[in-house]
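Below is one structure, written out as structure tokens, with a few remarks after it.
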Amino acid sequence: MHMKHRILLLWCLWITAVACHDDPNSNFTNLALSTNALNIVPDGGTLKFAITCNSNWQISGSDSWCVPDKTSGSGNANINLTVSTYDNTEQNRQTTLTVSSGTQSQTLTVTQYASLADYHYELPVIFHILRGPSDRKTVQQAWLSEIINACNTNYQGLAGDTPDINLSFVLADKKPDGTSLSEPGINYVDWSTSTIDPDVFMDDESPDPKAVALLWDPNSYINVFIYYFNTTNNNTTGISFLPYCTSSNRLDGLYDGDYYFDQSPNYVHCVSLNRTYLYNRSTATTHDPADVVITLSHELGHYLGLFHVFSETQCGENDDYCSDTPDYNRSSYESWLSRTLTSKPNVTMEDLTQRTSCNGTSFIAHNFMDYYYTYGDQFTEEQLQRIRYVLSYSPLIPGPKYDRPESKGKEYPVPPARKMP
């Protein structure tokens, strides 16, 4: 071939290749959505998602209660969905939008919750079991399942004269990355020490980065860490953080701020259980003050916004913000308890659960938010109302919320954390 003709042919081939590669009318379509699922509360409002596309696109499948602000376009776009209010109290409603471009399509499922006042919350629990160098023992999944089921009995009003809080604790079945757990509810962690100081592990001012890294997103899980408490804290059966509120939805006694936590603040926001007492249970004839079910029910009560139902040293110093839980002087009770256990033979559970309230009336201790000795089988109606408020509004608690404002950024200070045994 003549050199001039060969150069001309190569030039034509190059032009053709470039034209094919850059042709905006080529059959290759790129289509993606920022999310494939959106949820909204009964009050309705506006939901947002983004379309990424290099061609024309269309949206189909919308319902009258969920309407996009545009149904067609070209290129990248931000879509606003207007969702109307929903008065149904029994079941959620759902619709699926289809975004298509050429031969490609993506779907978006929109779920609107039924009234949260009657919504049944399922709260996934993950037990992180920290094991020291000389202890690689496992914990039977069946035992943790039994503990969770017993807690559900307590929170569903089946244990005593107590309201149904309408929630269930469930063993988490998936990891944060979406893969299945080999044993639901269990995550083993090898730790560098045999015992752990819970005040250090749960320190919110100088947190240990290794501990913080273990936390699974509290907006999706309740994190319960099980480990042997150090000698100083060995008589403590459990500790929990209290929840937060936003400044627009305050609840008496809880810290609030202008920051909605899309993820955990930089500390271990969790419940800690002392593994020493993991297998302690009361029997039909013997009450165990370290009963693990009562302990976990108590700590989960703190996690969901409840305080102790007593004053530590003098009446009136503690307020649990529930008028239907009689206050009493815990210090006076402990003095009476010591004398009674020393002087009275054959002391009964009814003897040990006697309380004298700050207004002078006597009552039997049944509340989960009391300490030993209590039957540990009751919440009150106002305690139920506090828990339902936290479930409906507070960040770092799994489940739908009435008001979930966008995070306002780190220039807003994180409110102080607060934990309780």
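The values are calculated or read from the model by the stated rules, or taken from the named source; none is laboratory data. Since this is a predicted model, take the numbers as computed values, not measurements. Backbone-built Cβ (ideal geometry, glycine too); neighbour counts: all protein chains shown.
Any residue at all in region 308-327 that is part of a helix (DSSP H, G or I) and either touching a helix residue (DSSP H, G or I) at 6+ places or on another chain (Cβ under 9 Å) or surrounded by 16 or more Cβ atoms within 10 Å (Cβ to Cβ) (or both)? Lay out the reasoning, then the answer.
The first filter runs over region 308-327 and keeps only residues part of a helix (DSSP H, G or I), leaving none.
No, the conditions are met nowhere in region 308-327.
Please return the ranges of strands (runs of 3 or more DSSP E) entirely within region 50-132 where 3 or more residues are surrounded by fewer than 20 Cβ atoms within 10 Å (Cβ to Cβ) and among the charged types (D, E, K, R).
none
Is there any pair linking a residue in region 63-82 that is without any contact (Cβ under 8 Å) to a residue 40 or more places away in the chain and in the same structural domain as THR98 (by TED's automatic domain parsing) to one that is of a type in the set (D, E, K, R) and outside any loop (DSSP other than H, G, I, E, B), with Cβ under 6 Å and at least six apart or on different chains, and which?
Once the first residue is without any contact (Cβ under 8 Å) to a residue 40 or more places away in the chain and in the same structural domain as THR98 (by TED's automatic domain parsing) and sits in region 63-82, its partners that are of a type in the set (D, E, K, R) and outside any loop (DSSP other than H, G, I, E, B) give ASN80/LYS48.
Within region 373-389, is there a residue that is part of a helix (DSSP H, G or I), within 30 Å of THR246 (Cβ to Cβ) and aromatic (Phe, Trp, Tyr)?
Yes - at least one qualifying residue is present in region 373-389.
Here are the criteria: (1) in contact with a helix residue (DSSP H, G or I) (Cβ under 7 Å, 6 or more places away or on another chain); (2) assigned to a helix (DSSP H, G or I); (3) outside the structural domain of TRP216 (by TED's automatic domain parsing). Tell me which single one ARG339 does not satisfy.
(1)
Taking only pairs six or more apart or across chains, which ones have beta-carbon atoms under 8 Å, a first residue in region 268-279 that is among the hydroxyl-bearing types (Ser, Thr, Tyr), and a second residue that is surrounded by fewer than 24 Cβ atoms within 10 Å (Cβ to Cβ) and assigned to a strand (DSSP E or B)?
Close Cβ pairs (under 8 Å, with a partner that is surrounded by fewer than 24 Cβ atoms within 10 Å (Cβ to Cβ) and assigned to a strand (DSSP E or B)) amount to SER272/ILE226; SER272/ILE239.
Residue by residue, here is whether (1) over 21 Å from the mean Cα position of the chain (by Cα); (2) β-branched (Val, Ile, Thr); (3) part of a loop (DSSP other than H, G, I, E, B) holds:
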site	(1), (2), (3)
CYS151	no, no, no
ASN154	no, no, no
ALA159	yes, no, yes
THR162	yes, yes, yes
ASP177	no, no, yes
TYR188	no, no, no
SER206	yes, no, yes
ALA211	no, no, no
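If you go through region 176-212, how many residues are over 19 Å from GLY132 (Cβ atoms), without any contact (Cβ under 8 Å) to a residue 60 or more places away in the chain and surrounded by 14 or more Cβ atoms within 10 Å (Cβ to Cβ)?
Total meeting the criteria: 4.
So is ALA172 assigned by TED's automatic domain parsing to the domain that holds LEU296, over 21 Å from PRO265 (Cα atoms), of a type in the set (Gly, Ala, Ser) and modelled with pLDDT under 95 or not?
So ALA172 does not fit the description; no.
Return yes when HIS302 is touching a residue at least 60 places away in the same chain (Cβ under 8 Å), in the same structural domain as THR236 (by TED's automatic domain parsing) and part of a loop (DSSP other than H, G, I, E, B) and no when it is not.
So HIS302 does not fit the description; no.
Kindly indicate whether any position in region 252-262 is among the aromatic types (Phe, Trp, Tyr), closer than 28 Å to THR138 by Cβ and in contact (Cβ under 8 Å) with a residue 12 or more places away in the chain.
No.
Kindly indicate the residue of region 270-289 that is modelled with pLDDT of 95 or more and assigned to a loop (DSSP other than H, G, I, E, B) and also nearest to ASP320 (Cα to Cα) among those meeting that condition.
The qualifying residue nearest to ASP320 (Cα to Cα) is CYS270.
Table: residues versus (1) in the same structural domain as PHE201 (by TED's automatic domain parsing); (2) under 19 Å from ASP208 (Cβ atoms); (3) within 14 Å of the chain's Cα centre (by Cα).
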position	(1), (2), (3)
PHE229	yes, yes, no
ASN235	yes, no, no
CYS245	yes, no, yes
ARG250	yes, no, no
LEU254	yes, no, no
TYR259	yes, no, no
GLN263	yes, yes, yes
TYR277	yes, no, no
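Return the residues of region 265-286 that are closer than 15 Å to TYR227 by Cα and in contact with a strand residue (DSSP E or B) (Cβ under 9 Å, 6 or more places away or on another chain); say none if nothing qualifies.
VAL268, CYS270, VAL271, SER272, LEU273, ASN274, ARG275, THR276, TYR277, LEU278
Any residue at all in region 37-45 that is of a type outside the set (D, E, K, R), at pLDDT 90 or above, out of contact with any helix residue (DSSP H, G or I) (no Cβ under 6 Å at 6 or more places or on another chain) and within 30 Å of TYR393 (Cα to Cα)?
Within region 37-45, not a single residue is of a type outside the set (D, E, K, R), at pLDDT 90 or above, out of contact with any helix residue (DSSP H, G or I) (no Cβ under 6 Å at 6 or more places or on another chain) and within 30 Å of TYR393 (Cα to Cα).
Only residues that are more than 24 Å from ASP118 (Cβ to Cβ) and among the polar types (S, T, N, Q): list them for region 371-391, please.
THR374
With the requirement that a residue be under 18 Å from VAL139 (Cα atoms) and either assigned to a loop (DSSP other than H, G, I, E, B) or of a type in the set (Asp, Glu) (or both), what does region 213-229 give you?
Start the filter on region 213-229 by keeping residues that are under 18 Å from VAL139 (Cα atoms), which leaves 223-229.
The one that is under 18 Å from VAL139 (Cα atoms) and either assigned to a loop (DSSP other than H, G, I, E, B) or of a type in the set (Asp, Glu) (or both): TYR228.
Got at least one residue in region 136-143 being within 26 Å of VAL390 (Cα to Cα) and not in a helix (DSSP H, G or I)?
Within region 136-143, none of the residues are within 26 Å of VAL390 (Cα to Cα) and not in a helix (DSSP H, G or I).
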